Amino acid sequence: MEPNKKISSEHLSRHAALYLRQSSVRQVLENQESTKRQYALRQKAISLGWPDDMVDTIDDDLGISGSSANSRSGFKKLISEVSQENIGIVISMEASRLSRNSSDWSTLLEICSLTRTLILDEDGLYDPRDFNDRMLLGLKGTMSEAELHYLHARMRGGLENKARRGDLKFHIPVGYVYDDFDQLIKDPDENVQAVVRLIFDTYARFHTCQRTLKELRSQHVLFPKKDRTGYNRHTLQWREITHVHILHMIHNPIYAGIYQFGLRKSSKTLHGYHTVKQDKSKCIAYIENHHEAYISMEQYNLNQQYLDEHRLLKDKSNPARATATRQGCALLQGIAYCGKCGRRMGVRYTTYPAYGTMVSRPSYWCVEEKLQTSADACQRVCSGAAIDKAVGDVLVEMITPLAMSSVIQVQNELVERDREIDALKRKNVERCRKEMETARTRYFNTDPANTLVAKRLEADWNEKIRIYEESAASYEKERKQNLDTVDERTQRKLMELADDFKSLWNNENVSNEEKKRMLRFLIEVILITQYDDHIHLSIRFKTGSSKELDIERGKKSYETWRTPNEALSLISNGLDNFNTTARIADILNAQGLKSGKGLPYTRELVNSIIKFNNLKPLEERYSEMGYTPQSEIQRLTGLTGKTIKMFRDKGRITNYRIAANTKYWYRLEDFKGFLPS
């Protein structure tokens, strides 16, 4: 079919759409001849019969890749106009300008076929309803997509090859620059180097990004930053340091002299691109000692270990994922678990004044069940200080030179055992490799004409490859976890630590955070179970051994306020000897005794203690002995208090008792003469 015969009056009654696209802004700026060629196709539409005012130019997609239609507003506009039968012909320089994606290209062809829309490029005019034209257009679309694939493959191959040599340039963090020979060097600015070193030195002291940030901000340290875009791009600016700045620096291996490329792998999914972090062994390039470092490789690995330990994950029941060490006085924070439900126990602090200062008392609570189901808390162990002291005593008792020598001996025995097991596993990997090579040889030696046998041998070869790869990966993973023998230098240091561990643990200058690190280095988990009269501790050490421990359950708050038994005995003896409460208080204070709240004794406090403990007061004792209070004597005899005092002072009445400063008790028979008949 000739091109002019494909064009009908119906096509000419609609508009012509000239679609322009170039893949990047750089191409638009540098490859202007291609842009002019695409605009020149307008004259071709006019020569085919379309008036100049009916040729619409769609150039919204200049500088946008054709790999997908999601970000191309011009392509979407073209599809919309064709779907509404407003377009009679679509003009483009070639199929790759319209789309480099088979699905988008097929959609356009299908819509053009349904709406009787023609397609024109530099090679000719096509009618999507015609079988031959449709097949040719489909082939062009496939070739366009394949061309994009080969372009990407060549570019990616060159990029990866350059990265493997360590020559690929990428965005580098603060502290490094590229010199005139594209070599990675430290920033010549000494202030920038000083700030980078200060950040790493501060993190080495505190081991947490938040503490490091707080310390640096208290010193008013500013962070050097270069913007990648904008008016001030590539210009060094000093800004307030943030948590993200420190975290990115600690994570980045470039500061340890490592050149790393390809750690993250991106793949296209239904919801867009998905990026996952791979193991460093799968990196395209991982070169150690590539450039001058700010920190050593050992310090970098130690920093990553701190980050892993401090990462708060949802799986709170995993002992390996302990929380970050804090400054609180609860030493078992992060490694204390409930002995009833197995969940991690939280920490609560009760602060109260004592001896002129504020004292914090730790307690361990298991409230996860309460938070999840609104049920009662599983356990609330208030004897946190007693538990911490008991665990500390266990460590001091265990870490002695003799115990350390035994630990070193056991460690070396475990290493020897691991070496024997390692030899067996290595032989197993070698056996799998030989079986794989044998299967490969059998496959290549078979007759290609015997298809069934070849397929069977190929499947067997693939299975042997899978078995070998699994065994080799398992061997490498377990080999990294094997123990190392303890050298003489390390043994000497461990012995010195064992000699001085008790004084180190009891030293007031050692912070709670450091003590927690010591505990986590030795102890894996501690199970706490509270009973009515005691608390049971199950301590599991990193070496695999365990220890069971029972301690006395702490008293409740009101129990700690109770009067000591010694004071109660003195009060009871004082009452038996008919001492007043004021006199009893003087006796208690003279012996240096304190109340349950640590207060000195007073007459009112002694009266309260007598009443609370159901002791028999003086008044009741006098009444049982036949004495009558003065108030009752006055009522019966009509005498006044002054008259009775005068009788007492002149010795007319000598048999009386004193219950308090102004409370006297008398014998009623001493006042017979004044009683009414």
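The values are calculated or read from the model by the stated rules, or taken from the named source; none is laboratory data. Bear in mind that the values here come from a model prediction, so they are computed numbers and not experimental data. Counting neighbours? That spans all protein chains shown, and the Cβs are built from the backbone with ideal geometry, glycine included.
One table, with the values for the structure above:
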quantity: Which numbered condition V196 misses (of (1) surrounded by 13 or more Cβ atoms within 10 Å (Cβ to Cβ); (2) outside the structural domain of C283 (by TED's automatic domain parsing)); calculated: (2)
quantity: Only one of L62, L48, L114 that is aliphatic (A, V, I, L, M), touching a helix residue (DSSP H, G or I) at 6+ places or on another chain (Cβ under 7 Å) and either in the same structural domain as S8 (by TED's automatic domain parsing) or under 18 Å from L20 (Cβ atoms) (or both); calculated: L62
quantity: Selection count, the stretch 624-640, where residues are without any contact (Cβ under 8 Å) to a residue 40 or more places away in the chain and within 24 Å of E604 (Cβ to Cβ); calculated: 3
quantity: Those strands (runs of 3 or more DSSP E) lying entirely in the stretch 329-368 with at least 3 residues farther than 24 Å from M518 by Cβ; calculated: 346-354, 357-366
quantity: Residue under evaluation S23, criteria (1) at pLDDT 85 or above; (2) surrounded by 13 or more Cβ atoms within 10 Å (Cβ to Cβ), criterion not met; calculated: (1)
quantity: Subset tally (residues that are surrounded by fewer than 19 Cβ atoms within 10 Å (Cβ to Cβ), of a type outside the set (V, I, T) and outside any helix (DSSP H, G or I)) for the stretch 232-259; calculated: 9
quantity: Candidates D61, D52, D56 - the one that is under 47 Å from the mean Cα position of the chain (by Cα) and closer than 21 Å to E122 by Cβ; calculated: D61
quantity: Extreme residue, modelled with the highest pLDDT, among residues of the stretch 517-546 that are under 20 Å from V381 (Cβ atoms) and exposed (fewer than 12 other Cβ atoms within 10 Å of the Cβ); calculated: Y531
quantity: Some residue of the stretch 214-222 being without any contact (Cβ under 8 Å) to a residue 24 or more places away in the chain, under 16 Å from W238 (Cβ atoms) and in a loop (DSSP other than H, G, I, E, B); calculated: yes
quantity: For Y622: the one exception among (1) surrounded by 14 or more Cβ atoms within 10 Å (Cβ to Cβ); (2) within 30 Å of K672 (Cβ to Cβ); (3) in contact with a helix residue (DSSP H, G or I) (Cβ under 8 Å, 6 or more places away or on another chain); calculated: (3)
quantity: Which numbered condition E292 misses (of (1) under 23 Å from E190 (Cα atoms); (2) free of Cβ contacts under 8 Å to residues at least 60 places away in the same chain; (3) of a type outside the set (G, A, S); (4) touching a strand residue (DSSP E or B) at 6+ places or on another chain (Cβ under 7 Å)); calculated: (2)
quantity: From the options L593, L615, L549, L605, residue that is part of a helix (DSSP H, G or I) and surrounded by 12 or more Cβ atoms within 10 Å (Cβ to Cβ); calculated: L605
quantity: Failed condition for R134, given (1) buried (at least 21 other Cβ atoms within 10 Å of the Cβ); (2) touching a helix residue (DSSP H, G or I) at 6+ places or on another chain (Cβ under 7 Å); (3) modelled with pLDDT of 85 or more; calculated: (1)
quantity: Listing of helices (runs of 4 or more DSSP H) fully contained in the stretch 1-47 that carry 1 or more residues being touching a residue at least 40 places away in the same chain (Cβ under 8 Å) and within 60 Å of the chain's Cα centre (by Cα); calculated: 32-47
quantity: Residue check for N613: touching a strand residue (DSSP E or B) at 6+ places or on another chain (Cβ under 6 Å) and of a type outside the set (S, T, Y); calculated: no
quantity: Residues of the stretch 126-180 classified as within 30 Å of N289 (Cβ to Cβ), in contact (Cβ under 8 Å) with a residue 12 or more places away in the chain and part of a helix (DSSP H, G or I), total; calculated: 3
quantity: Any chance E292 is of a type in the set (D, E) and in contact with a Lys or Arg (Cβ under 6 Å, 6 or more places away or on another chain); calculated: yes
quantity: Counted residues, the stretch 520-546 - those being of a type outside the set (G, A, S), over 27 Å from the mean Cα position of the chain (by Cα) and part of a strand (DSSP E or B); calculated: 6
quantity: Where A322 falls short, out of the listed (1) at pLDDT below 70; (2) out of contact with any helix residue (DSSP H, G or I) (no Cβ under 7 Å at 6 or more places or on another chain); (3) not β-branched (V, I, T); calculated: (2)
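Rundown of residues vs (1) at pLDDT 80 or above; (2) in contact with a helix residue (DSSP H, G or I) (Cβ under 6 Å, 6 or more places away or on another chain); (3) among the small types (G, A, S), yes/no style:
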position	(1), (2), (3)
L402	no, no, no
S406	no, no, yes
V410	no, no, no
R417	no, no, no
I421	no, no, no
V429	yes, yes, no
K434	yes, no, no
E458	yes, yes, no
N462	yes, no, no
